[in-house]
Amino acid sequence: MGILSDPTPDMLAMPRFDDGAIDMQELLRRLAEQVVNAVMDAEADRLCGGGANSRSGYRERSLATCVGTLTLRIPKLRSGSFFPEDVLGRHRRVDRALVAAVAEMYATGTSTRKVQRVAEKMGVSRLSKDQVSAIASSLDADIEDLCGRPLDGSPVPYVWLDATCVKCRREGRVASTAVVTAIGCDAGGWRRVLGVDVVDTESYDSWLAFLRAIRSRGAAGVRLVVSDAHPGLVRALGEVFQGAARQRCAVHLMRDCMREAGSWQLRRRVGRIVSQVFRGRDAATMTAMYCFSQQLNLGFHD
């Protein structure tokens, strides 16, 4: 006799896929729904104890969670009102855990449409693009805190600066926007984000304002800055962090070298040659690779 030869009614009622396997996500959704509703029922019964009040049915409300959309049956009272503040917040239709998950996906570059598709696979059927955008706005407070916190004046010998262009919705239209970032490394080898800002365009004025803000918050002891060769950045860097050396970013240098090649095949060859220069373990190897690149006119002059 097999273990499942005499299944119980509860086992037959379990949600299953077409192949007979148990749908664990739907099972968790049902369990969560039953537990939350049972907790609210118990709380309402406690308030009605002793005949001081009585119940008058339910009002349903949906809540999107990481295990799917729950249908909550909130008890109604004949006198006064009952709302489970410890279970869900007023006017909240999305669980905090799901808000955190959506915000994390949005922060890592996932589009609102893709987030919506992921939510549908999680069993959340009513997470629209507008809701995703609203949830993503919860990141604004974290960004403001990140960009405004003091840097305590501890030495940051090494700093990486870069800018990237992203599509941003502004005033009802999508436009290219520059995001500038600064990452510092302290004497102990720990890296941390020094600042992030959004500017209309990468220019001398935007870099100057960004670097001055970082300096005013306590970034000090900068000895080496790694960046690309943007003229505005180089000029602003010399004014804000005077005396600090600047090193060309290896990735940007490799891209510039590959861009000089005519065909895609030649670009790949140039990329392989240049990458070896930055993988050298000793000075002799680096010098030999440098001389070889000079013979090929790869332009290691910056």
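The values are calculated or read from the model by the stated rules, or taken from the named source; none is laboratory data. Not measured: the values here are computed from a predicted model. For neighbour counting, all protein chains shown are included, and Cβ atoms are generated from backbone atoms with ideal geometry for every residue, glycine included. Heavy atoms of the whole protein, side chains included, go into the accessibility calculation; ligands, DNA and RNA do not. Shrake-Rupley method; radii C 1.70, N 1.55, O 1.52, S 1.80 Å.
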- [ ] Output the qualifying pairs, or none if there are none: Cβ atoms under 7 angstrom, residues six or more apart or on different chains, first residue in segment 56-83 and without any contact (Cβ under 8 Å) to a residue 24 or more places away in the chain and assigned to a strand (DSSP E or B), second residue open to solvent by 10 Å² or more (accessible area, probe 1.4 Å) and among the aliphatic types (A, V, I, L, M).
- [x] 56/77
TODO: Name the one entry in 200, 228 that is of a type outside the set (Gly, Ala, Ser), under 28 Å from residue 110 (Cα atoms) and within 24 Å of the chain's Cα centre (by Cα).
DONE: 200
TODO: Would you mind stating whether residue 154 is of a type in the set (S, T, N, Q) and in contact with a helix residue (DSSP H, G or I) (Cβ under 9 Å, 6 or more places away or on another chain)?
DONE: no
- [ ] Within segment 251-262, count every residue that is more than 32 Å from the chain's Cα centre (by Cα) and surrounded by 12 or more Cβ atoms within 10 Å (Cβ to Cβ).
- [x] 2
